Amino acid sequence: MSTPPWNGSTPPPPNWGPPTPPPLPPGNPYEQQGNPYEQQGNPYEQQGNPYGQPGQPGQPWGSGMQPMLQLPSNTLVTIGDIVCTQTEVITPSGRCPVGQVTWSFTDMSRTTKTLPVWAIVCAVIFFFFCLLGLLFLLAKEERTEGSVQVVVQGPGLLHQLQLPVTSVGQVQDYNARVGYARSLSASAGMAGY
């Protein structure tokens, strides 16, 4: 025995249609706990080490570290993530007085001179018009690839970083920055910092 299909003239059977959802609680559910994205206070007014404390042995690298939010106002030179002020060196590995650190700079870049493609194309095209097209083969192009390594070492502090370089100018810039940081360390060491 089957029920006849509903034709719309009589009321529908009691279990006909999709199930009804449970009623919502009174009030707006999005206003119950306030806005979770509002921050309490200014995050840029933190005190202490901007990087947090260095990780303890046995903990994964980077535990307890926070990104630096703002450079100190008396920053003299930055080398990658190393900040050097008049009195201290600040790294993700910790802080140390500037007079007690030693600096190391290693150039691990490679510069090659190659014949550019445009010079070969121009030499072939102008060779048929005149032999002066062979002068294009004297053109050279310099390419620098690799990185430089900077190591800062002091009592309770060892931080090294590798910075990629793509030109000789970048290598010279990093070398000059490390040289300036060395001079700050030497002058602070003589002054007793």
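Across segment 110-124, which residue is nearest to the chain's Cα centre (by Cα) among those that are over 13 Å from LEU137 (Cβ atoms) and β-branched (Val, Ile, Thr)? Per the stated criteria, the residue is THR111.
Can you find even one residue in segment 139-150 that is within 30 Å of CYS84 (Cα to Cα), surrounded by 14 or more Cβ atoms within 10 Å (Cβ to Cβ), more than 21 Å from the chain's Cα centre (by Cα) and not hydrophobic (A, V, I, L, M, F, W, C)? Yes.
When CYS84, CYS96 are checked against the criterion of being of a type in the set (A, V, I, L, M, F, W, C), surrounded by 18 or more Cβ atoms within 10 Å (Cβ to Cβ), touching a Phe, Trp or Tyr at 6+ places or on another chain (Cβ under 9 Å) and part of a strand (DSSP E or B), a single residue qualifies: CYS84.
Here is a check on your reading of the model: is VAL151 within 19 Å of ASN74 (Cα to Cα), of a type in the set (Val, Ile, Thr) and at pLDDT 90 or above? Answer is no for this residue. When ALA186 is evaluated against the numbered criteria (1) assigned to a helix (DSSP H, G or I); (2) over 15 Å from CYS84 (Cα atoms); (3) of a type in the set (A, V, I, L, M, F, W, C), which criterion, by number, is the only one it fails? For ALA186, the exception is condition (2). Give segment 160-182 a look and list any residue that's under 19 Å from the mean Cα position of the chain (by Cα) and not in a helix (DSSP H, G or I), or say none. Once the filter is applied, which keeps residues that are under 19 Å from the mean Cα position of the chain (by Cα) and not in a helix (DSSP H, G or I), segment 160-182 yields GLN160, LEU161, GLN162, LEU163, PRO164, VAL165, THR166. Name the single residue, out of those in segment 101-125 being assigned to a helix (DSSP H, G or I) and not aliphatic (A, V, I, L, M), that is nearest to ARG177 (Cα to Cα). Looking at the filtered set, the residue picked out is TRP118.
The values are calculated or read from the model by the stated rules, or taken from the named source; none is laboratory data. Keep in mind it's a predicted model, so treat the numbers as computed, not measured. All Cβ positions, glycine included, derive from the backbone under ideal geometry; neighbour counts span all protein chains shown.
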